[in-house]
1. Within the stretch 178-197, track down each residue that is touching a residue at least 60 places away in the same chain (Cβ under 8 Å) and of a type in the set (Asp, Glu).
2. Go through the stretch 221-262 residue by residue and tally those that are assigned to a loop (DSSP other than H, G, I, E, B), more than 24 Å from the chain's Cα centre (by Cα) and within 16 Å of the ligand (Cβ to nearest atom).
3. Taking the stated definitions as given, is Ile164 surrounded by 19 or more Cβ atoms within 10 Å (Cβ to Cβ) and part of a helix (DSSP H, G or I)?
4. Kindly check whether there is at least one residue in the stretch 309-324 that is buried (at least 21 other Cβ atoms within 10 Å of the Cβ), within 13 Å of Pro206 (Cα to Cα) and of a type outside the set (A, V, I, L, M, F, W, C).
5. Taking only pairs six or more apart or across chains, which ones have beta-carbon atoms under 6 Å, a first residue in the stretch 217-239 that is under 27 Å from Ser113 (Cα atoms), and a second residue that is open to solvent by 20 Å² or more (accessible area, probe 1.4 Å) and part of a loop (DSSP other than H, G, I, E, B)?
6. Kindly provide the set of residues from the stretch 292-305 that are part of a loop (DSSP other than H, G, I, E, B) and buried (at least 19 other Cβ atoms within 10 Å of the Cβ), ordered by number.
7. With the condition kept exactly as written, say whether any residue in the stretch 263-273 is assigned to a loop (DSSP other than H, G, I, E, B) and either within 16 Å of the ligand (Cβ to nearest atom) or in the same structural domain as Val311 (by TED's automatic domain parsing) (or both).
8. Is it the case that Val329 is at pLDDT 95 or above and surrounded by fewer than 21 Cβ atoms within 10 Å (Cβ to Cβ)?
Amino acid sequence: MSMKDVKMKRLCAVILVLLVPVVFFFGNRKESFVSALQGGKNLNSKVDEILKQNEDKELISNEVFQDKFIYLAFQKEDEFTSFFVDVKTGEEKLLFDYIKEDKKEEFSNTVQSLLYLKYPKFIADVLSLEETEKLVQLSNNELVIHYNQNILEPKIEESLYLRINYNEVKDTLDFPVSLDGEYNNENGYDLDKNKKAVALTFDDGPNGARTNKIVDILEQNKAHATFFMVGNRMEAGKETILNVLNKGNEIGSHSYNHKNMKRMKLEDVISEEEQTKEVYYKITGKELLYTRPPYGNITQQIKENLPTIFVNWNMDTEDWLHRNKDHIVQYVMENVTDGDIILMHDSYDSTVEAVEELLPKLYAEGYQVVSISELAQLKGKTLEKNQVYRSIEAN
Ligand code: ZN
């Protein structure tokens, strides 16, 4: 059957109606005629029924997938619904009926893994359990699953959907599709200039288990952070340092001894910074680009002469003082704005707990949580040596 759309289907319906008396006249030829039209009357009445039930919505897609099914999709505001009607039987079906019998599990696994690639765990956990059979959009090169907004806590502002390129599921589909030569899956770490962003920063580490726990929480939330570490703790915290970097986070210097630079001679500041860079290079083979001076303290002389990019903060959670999860979460959520650099310490359990609660809340409010370098990239800024940054905003 080569009908292109519902208009064609209706044309066929008209032809069918016109031919019925002829078939009736020839008596027992009726049966073979109907089977030649495959789904015949059943098909037409099911499609009509669906069109009628959804007449308050906009019909955004109606297509015949070869001899398999008629696909109908409707939209009303941000609500999306779709229907599959089997061409042979005229019965209403689900997408899953057109996944190959022995590939259904593979299909589900692919959807699941793409969901976790795109969304933070707290969202993917919920969406992966959702009934989505009516929310499938078929387009030229991909299928898109739409999700109900109202099932999440905290409530998410952006619309929830998953784009699945046909290449990802081509072996599982029991109907023909056209394939892109190249494509990208949606990835939750992809930076989006249209979204707000903040940089999370943690001072005074590496702190073993607490640092690693924060790294895990960041990963579950598709977030990155910058850890400003103390040089004399680095050797003992080697494994932690490598874990921080492996998960896409960033490390800066927080001096070698955590002394107040304002009370040090310039030459000592410079040589201690060299020492920190050396030990870090030995562990990672990488350079340290950023320095956060202890207490945020530097002099004009240090600023001009220490060859580094200084990164301070504009939002101090005072987590070291309050040691209270709720205080940190409330303070950040009440005060956060686009481009902020947030100061915390990976030294306290209360901070770890706060990060766990904060990241979903920030995501729900539309914030990307990123490293200093990513924030600069998002805001189109090149950070320069001998400058002090407290926040990074677009021009
Ligand atoms: Zn410090």
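1. Initial filter on the stretch 178-197 (touching a residue at least 60 places away in the same chain (Cβ under 8 Å)): 185-188, 191-193, 195-197.
Within the stretch 178-197, Glu186, Asp192 qualify.
2. To start, the set of residues in the stretch 221-262 that are assigned to a loop (DSSP other than H, G, I, E, B) comprises 221-225, 230, 235-237, 247-249, 254-260.
The next check asks that each one be more than 24 Å from the chain's Cα centre (by Cα); those that pass are 230, 235-237, 254-260.
Going one step further and asking which of them are within 16 Å of the ligand (Cβ to nearest atom), we end up with 230, 237, 254-260.
So the count comes out to 9.
3. Details: surrounded by 19 or more Cβ atoms within 10 Å (Cβ to Cβ): yes; part of a helix (DSSP H, G or I): no.
Here the answer is no, as Ile164 does not meet what is asked.
4. Within the stretch 309-324, none of the residues are buried (at least 21 other Cβ atoms within 10 Å of the Cβ), within 13 Å of Pro206 (Cα to Cα) and of a type outside the set (A, V, I, L, M, F, W, C).
5. Note: pairs meeting the criteria are Glu219/Lys247; Lys222/Gly188; Lys222/Tyr189; His224/Gly248.
6. The initial filter retains those residues of the stretch 292-305 that are part of a loop (DSSP other than H, G, I, E, B), namely 292-293, 297-299.
Within the stretch 292-305, Arg292, Pro293, Ile298 qualify.
7. Taking the stretch 263-273 and keeping what is assigned to a loop (DSSP other than H, G, I, E, B), we get 264-265.
Imposing the further condition that a residue be either within 16 Å of the ligand (Cβ to nearest atom) or in the same structural domain as Val311 (by TED's automatic domain parsing) (or both) reduces the set to 264-265.
Yes: one or more hits.
8. Numbers: at pLDDT 95 or above: yes; surrounded by fewer than 21 Cβ atoms within 10 Å (Cβ to Cβ): yes.
Judged against the criteria, Val329 is a match.
The values are calculated or read from the model by the stated rules, or taken from the named source; none is laboratory data. As the structure is a computational prediction, the values presented were derived from the model and not from experiment. In this analysis, Cβ positions are derived from the backbone assuming ideal geometry, glycine residues included, and neighbour counts consider all displayed protein chains. Accessible surface is based on the protein model in full, side chains and every heavy atom, while ligands, DNA and RNA are left aside. Shrake-Rupley method; radii C 1.70, N 1.55, O 1.52, S 1.80 Å.
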